[in-house]
1. Place the peptides 6-16, 85-95 in order of packing, highest mean first, counting for every residue the other Cβ atoms within 10 Å and averaging per peptide.
2. Can you compute the FRET efficiency between residue 236 and residue 25 using 1/(1 + (r/R0)^6), with r the Cβ-Cβ distance and R0 = 35 Å? Round to the nearest 0.05.
3. Taking the beta-carbon count within 10 Å as an exposure proxy, list 268, 286, 313 from fewest neighbours to most.
4. If you line up the long axis of helix 221-236 against the longest principal axis of the chain, both from Cα atoms, how many degrees apart are they, to the nearest 10?
5. Taking the Cβ of residue 74 as the center, what net charge do the other residues with Cβ under 14 Å away carry, scoring Lys and Arg +1 and Asp and Glu -1?
6. Report Rg(Cα)/(2.2 N^0.38 Å) for region 122-262, keeping two decimals.
7. Could you check which residue among 131, 234, 179 shows the biggest mean-square fluctuation in a GNM of the chain with a 10 Å Cα cutoff?
8. Let me check I've understood the local charge: for residue 103, count other residues with C-beta under 12 angstrom from its C-beta, Lys and Arg +1, Asp and Glu -1. What total comes out?
Amino acid sequence: MDAAALAALAHRVRSSVEAVIVGKSDVIEQALVAVLCEGHILIEDVPGIGKTMLAKALARSLGCSFRRLQCTPDLLPSDITGLEFFNQRAQAFEFRPGPIFAQIVLADEVNRATPRTQSALLESMEERQVTVEGQTRPLPRPFVVLATQNPIELQGTFPLPEAQLDRFLLRLALGYPSTADEREILRRYRTGRPLEDLQPVSSPDEVLAAVAAVREVYVSPAIEAYVVALAQATRAHPEVELGLSPRGSLGLHRTAQALAAVRGRGFVLPDDVKAMAPAVCAHRLVLSSGARLRDRTALEICHEVLRNTPAPVEREARP
């Protein structure tokens, strides 16, 4: 797939999802970037914003299979991965696949699941396979998990530890719509249900071809040095106890490639790195106790690192 075909695919998918999700073009673009990297997304926001709608609209637009997993404290790992059961009619054991065997999986309120169940989900995300009763089964491709959590309600929740947060490529927040966008939502949903009318504008095979094409996007040595400099700046920051991991550096590198491809370019610019850095890096930073006492946030420090780290000039980024 060439750059023009990939950009056309991104435009079709973005336009399709925007028929359902109003006024959130940046979030839709970043979600598409994650799909093209086969990375997972953590959406952290209050209820009723459209997190589930975004996942469903993305799956329908891409023509991918979709399963929804409602996380609760009594959810078991086998409820996610599936289980072996004895079929009395066939007199044999059979495997009943769980909801993880879909191309786009929504794990709603993931922080309500117990640590054991969270671990089963995150292992599937990392390994892209499931092992039940000693037999390993690969998950379908493309495979993307969109997990949601409510940052306000903490009672009865099990927050994701930092090591597990690192498994998510992006952390996004939809936020409340503007006044004009909310009025448009009322008009659009008054007489119909746009999600039910949504038709696929792509296919899993086309998505996989785009995933392969994204890896061919040119990244200059200057851009590579910039990504490494940003990672090292987070590790050296006085208010950060744990900076960006190598997995985070790789995620920033790959998402910058995908964003360049979505925007119709065959090479990465410094602005691509800057645009993806907050969503890729902020949830991976562990702040010092002093920074937390001063009500500093990881997002603020991420923006501070971006301001203070010199970026290469555009001509150094071009092939």
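Each value in this text was obtained by applying a stated rule to the coordinates, not by laboratory testing. Everything numeric here is computed off the predicted structure, so don't read it as measured data. Cβ placement follows ideal geometry from the backbone for every residue including glycine, while neighbour counts extend to all protein chains displayed.
1. Packing order, densest peptide first, comes out as 6-16, 85-95.
2. After rounding to 0.05, the efficiency reads 0.50.
3. 313, 286, 268
4. 80 degrees
5. Around residue 74, the charge tally is 0.
6. Dividing the Cα radius of gyration by 2.2 N^0.38 Å gives 1.38.
7. In this elastic network of the chain, the residue with the biggest mean-square fluctuation among 131, 234, 179 is 179.
8. Local charge sum for residue 103: +2.
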